[in-house]
Amino acid sequence: MNIKIIDKTMFRQMPWANGGGVTTELYVHREESSGRILWRLSMAGVDTDGPFSHFAGYDRILVLLEGQGLRLRHKDGTEHDLSNLYDLASFPGDAETHAILAGGPVKDFNVIADRSMFRPAVTVLQAGDNNRVSISASVLAVFAVDNDLVIVDSDTGSHHLPKGDLLLVHGPREGDWSFSGGTAIVIQILEIGELGSNRN
């Protein structure tokens, strides 16, 4: 189990793929040979209604962090209505998607992953929630949204994560992990080849 904390001062500002804004990139995992993104964690502000960037071959998960909400309208007629903080939506990155703001700018947390190689899962834990999550993934990431977090792994090891920072764990211990102190976004990245099999 390899653990590191990525300080918020290390996050990178990157232009949107469609040129319509700026993304704060928390972490990106790239293919070594080509530099192509395999999966990425990021945050972005959405100030106006408009189209989302197109990510062919990727799946997306979006969590509402700040603001009065937004609606995601997809070309196939389906919609996701994120009206409360920490509501989330999962949708194909290659779906033509239009964002409609409910009442002013919002901020969101984004996960994208190459669907041919990885499957992402996101759990949002708020203070007072059942703060345990069963972990079984190749990579675990935790973002401390609004306060410092205390994270206890399945082997009772304790980890302190400052507000706004990202915990990244390669090869996390399987089992129940607990999270306390504030709101946590828990991201699990599972390699497709591991689906249906146990990881040692």
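The values are calculated or read from the model by the stated rules, or taken from the named source; none is laboratory data. Keep in mind that this is a model prediction, so the values were computed, not measured. Note that we place each Cβ from the backbone using ideal geometry, even for glycine, and neighbour counts take in every protein chain shown.
Residues that are under 18 Å from the mean Cα position of the chain (by Cα), farther than 28 Å from residue 45 by Cβ and outside the structural domain of residue 65 (by TED's automatic domain parsing): does the stretch 120-130 have at least one? Give the derivation first.
Pass one, the stretch 120-130, residues under 18 Å from the mean Cα position of the chain (by Cα): 120-126.
Among the residues that remain, those that are also farther than 28 Å from residue 45 by Cβ are: none.
Scanning the stretch 120-130 turns up no residue that is under 18 Å from the mean Cα position of the chain (by Cα), farther than 28 Å from residue 45 by Cβ and outside the structural domain of residue 65 (by TED's automatic domain parsing).
In the stretch 117-151, what residues are β-branched (Val, Ile, Thr) and touching a Lys or Arg at 6+ places or on another chain (Cβ under 9 Å)?
From the stretch 117-151, those β-branched (Val, Ile, Thr) are 122-124, 133, 135, 139, 142, 145, 150-151; that's our starting set.
Once the filter is applied, which keeps residues that are β-branched (Val, Ile, Thr) and touching a Lys or Arg at 6+ places or on another chain (Cβ under 9 Å), the stretch 117-151 yields 135, 145.
Determine whether residue 23 is β-branched (Val, Ile, Thr) and either in a strand (DSSP E or B) or under 13 Å from residue 112 (Cα atoms) (or both).
yes
From (1) touching a His at 6+ places or on another chain (Cβ under 9 Å); (2) under 24 Å from residue 163 (Cβ atoms); (3) at pLDDT below 95, pick out the condition that doesn't hold for residue 68.
The failed condition is (1).
For residue 93, state whether it is at pLDDT below 95 and over 24 Å from residue 11 (Cβ atoms).
Details: at pLDDT below 95: yes; over 24 Å from residue 11 (Cβ atoms): no.
Judged against the criteria, residue 93 is not a match.
Could you grab me the full set of residues in the stretch 14-47 that are more than 25 Å from residue 170 (Cβ to Cβ) and touching a strand residue (DSSP E or B) at 6+ places or on another chain (Cβ under 7 Å)? Before the answer, list the steps.
We begin by selecting, within the stretch 14-47, every residue more than 25 Å from residue 170 (Cβ to Cβ); these are 15-22, 44-47.
Selection gives 15, 16, 18, 20, 21, 22, 44, 45, 46.
Within the stretch 29-142, which strands (runs of 3 or more DSSP E) (wholly inside it) include 1 or more residues that are surrounded by fewer than 18 Cβ atoms within 10 Å (Cβ to Cβ), free of Cβ contacts under 8 Å to residues at least 12 places away in the same chain and not aromatic (Phe, Trp, Tyr)? Walk me through how you get there before you give the answer.
Values: elements: 37-46, 58-66, 70-74, 79-82, 88-92, 97-101, 106-114, 118-125, 132-135.
Strands (runs of 3 or more DSSP E) meeting the threshold: 79-82.
What number of residues in the stretch 1-25 are in contact (Cβ under 8 Å) with a residue 24 or more places away in the chain and within 23 Å of residue 72 (Cα to Cα)?
Final tally of qualifying residues: 7.
Exactly one condition in (1) in contact (Cβ under 8 Å) with a residue 40 or more places away in the chain; (2) touching a Gly at 6+ places or on another chain (Cβ under 9 Å); (3) closer than 19 Å to residue 64 by Cα; (4) part of a loop (DSSP other than H, G, I, E, B) is false for residue 163; which is it?
Status for residue 163: all satisfied but (1).
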